[in-house]
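Everything below concerns the one structure shown next.
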Amino acid sequence: MAAQKRIRRERFAGTGWEAPSVLKALEEADDLYFDAIAQIHVDRLTEGRVALLGDAGYGATMGGMGTGVAVVGAYVLAGELALAGGGHRTAFAEYETRIRDFAKGCQKISGNAGPFFAPPTERRIRSRDRMYRLLSHRLMAGFFKRLTEKAATNTELREYPA
């Protein structure tokens, strides 16, 4: 925690506005959450008797798609386990085959959004805010809606036994 506080002090030193009061409160905090904006990329979604789905396997999608992608992954995993009669090796292999391209496609549209969402300089923050205003225009909103819908529906789900 001491290293995390030091990093924050260094990053926000001299930034003005509310930063000094936030940094002061930070020094008095007895717990702290420190994270990065990141995207998960793994070679495999299964290993042994463990299967990753949702954010653990293919997180950091764009436009609120994470829950939908996780639900599709859970549906496919449960369905493949049912088809395989609980045989996890067979089910996991099918799950990997059926979900990988769909999940990667959903991830792809977000690219590397971290620097856009959390820019490091005041100039880039202003630039990001101008871009938000542009992106919220009705024409752009429609474009992003179509883009995310295309990725979200780019899979064919099997009918699994009840």
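The values are calculated or read from the model by the stated rules, or taken from the named source; none is laboratory data. Here the structure is a predicted model, which is why all the values come from computation and not from measurement. All Cβ positions, glycine included, derive from the backbone under ideal geometry; neighbour counts span all protein chains shown. SASA here: full protein model, heavy atoms, side chains in, ligands and nucleic acids out. Shrake-Rupley method; radii C 1.70, N 1.55, O 1.52, S 1.80 Å.
Below, the figures for the structure above:
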quantity	calculated
So residue 157, is it open to solvent by 50 Å² or more (accessible area, probe 1.4 Å), modelled with pLDDT of 85 or more, over 21 Å from residue 37 (Cα atoms) and part of a helix (DSSP H, G or I)	no
Residue in region 139-146 that is of a type in the set (Lys, Arg) and modelled with pLDDT of 80 or more present	no
Single residue of region 99-121 satisfying the filter (surrounded by 11 or more Cβ atoms within 10 Å (Cβ to Cβ) and among the aromatic types (Phe, Trp, Tyr)) that is nearest to residue 65 (Cα to Cα)	102
Tally, over region 17-54, of residues that are under 12 Å from residue 5 (Cβ atoms), over 25 Å from the mean Cα position of the chain (by Cα) and open to solvent by 80 Å² or more (accessible area, probe 1.4 Å)	5
Any hit, region 5-28, residues being in a loop (DSSP other than H, G, I, E, B), aliphatic (A, V, I, L, M) and over 17 Å from residue 109 (Cβ atoms)	yes
Scan of region 122-149 for residues that are β-branched (Val, Ile, Thr) and open to solvent by less than 60 Å² (accessible area, probe 1.4 Å), ordered by number	148
Check on residue 96, out of contact with any strand residue (DSSP E or B) (no Cβ under 9 Å at 6 or more places or on another chain), open to solvent by less than 60 Å² (accessible area, probe 1.4 Å), among the charged types (D, E, K, R) and touching a residue at least 12 places away in the same chain (Cβ under 8 Å)	no
Among residues of region 65-87, those that are free of Cβ contacts under 8 Å to residues at least 40 places away in the same chain and surrounded by fewer than 19 Cβ atoms within 10 Å (Cβ to Cβ), counted	8
